[in-house]
Structure formats: C-alpha cells, structure tokens
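Bear in mind these aren't lab numbers, they're just calculated from the coordinates by the rules spelled out. Bear in mind the structure is a predicted one, so any value in this text is a computation, not a measurement. Cβ sites come from the backbone with ideal geometry, for glycine too, and all protein chains shown count toward neighbours.
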C-alpha cells in the first residue's frame, strides 16, 4: 500500500494506492495519528488507485469521524472500484461518509457545504 497526501488549499487529498491489507491498516492508523497532530483539514480519500482493502481499514476510518467532527472538518471518499464499493455499502459507510464518483464531485461537495 502507498499513501500520498496532496494539499488543495484548505482540503487535503489522501491517495490510497494498491492493496490495503492488515499491515496497510497499521500504516493508515499511523497516518491518522500524525495527521491529527498536524491539525485536521477536510480530507478527501482518493480510492481511484485502491485495488482492494480489508474491512478493518474502513473501521479505522469510521473511528476517526469523531475527531474530525470535533474539529469541524469532514471526510469524503471518491472513486472506489466495484469491489471496494460493495464493501463500503455492506459496512454502511455511505451513511456516515459521503462517497462520490469522482474527485471534482468530492471537492465541490466540501466547498458547497460548511462543516458540522
């Protein structure tokens, strides 16, 4: 798994590439720990390069929502493949984290609606 953080003004984009296995979940947890220390921003999870992931990855992401809410920031997801979309839906993720078809839709949604 490879994580790449890109900044687009006040919004950050995290590109999650390749397969996210159990070790990848640990790396993702370390990312969120460091990210929180730097100060949270609205975060877009770019899953366009994600081949597959274990459900624990979304459990971890969902566990971050309280910290983002308290900071007045949001997480959105875009471009998951069919396999990842099925997992998202099975876990009920779209009920907590908006999922968009492409990057521009995700960015527009964050720009249009104020945080909690």
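Structure values in brief
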read-out: Failed item in (1) surrounded by fewer than 18 Cβ atoms within 10 Å (Cβ to Cβ); (2) closer than 19 Å to residue 85 by Cα; (3) touching a strand residue (DSSP E or B) at 6+ places or on another chain (Cβ under 6 Å), with residue 31 passing the rest; value: (2)
read-out: Matching residues in the range 34-71 - criterion: being closer than 15 Å to residue 1 by Cα and surrounded by fewer than 13 Cβ atoms within 10 Å (Cβ to Cβ); value: none
read-out: Residue list for the range 76-97, filter: within 18 Å of residue 49 (Cα to Cα) and surrounded by 13 or more Cβ atoms within 10 Å (Cβ to Cβ); value: 76, 77, 78, 79, 80, 81, 84, 85, 87, 88
read-out: Every pair of residues 6+ apart whose Cβ atoms lie under 7 Å, when the first sits in the range 18-43 and is on the phi < 0 side of the Ramachandran plot and touching a residue at least 40 places away in the same chain (Cβ under 8 Å) while the second is crowded, with 20+ Cβ neighbours inside 10 Å and in a helix (DSSP H, G or I); value: 42/110
read-out: Members of the range 1-28 that are closer than 16 Å to residue 73 by Cα and surrounded by fewer than 15 Cβ atoms within 10 Å (Cβ to Cβ); value: 7, 8, 9, 10
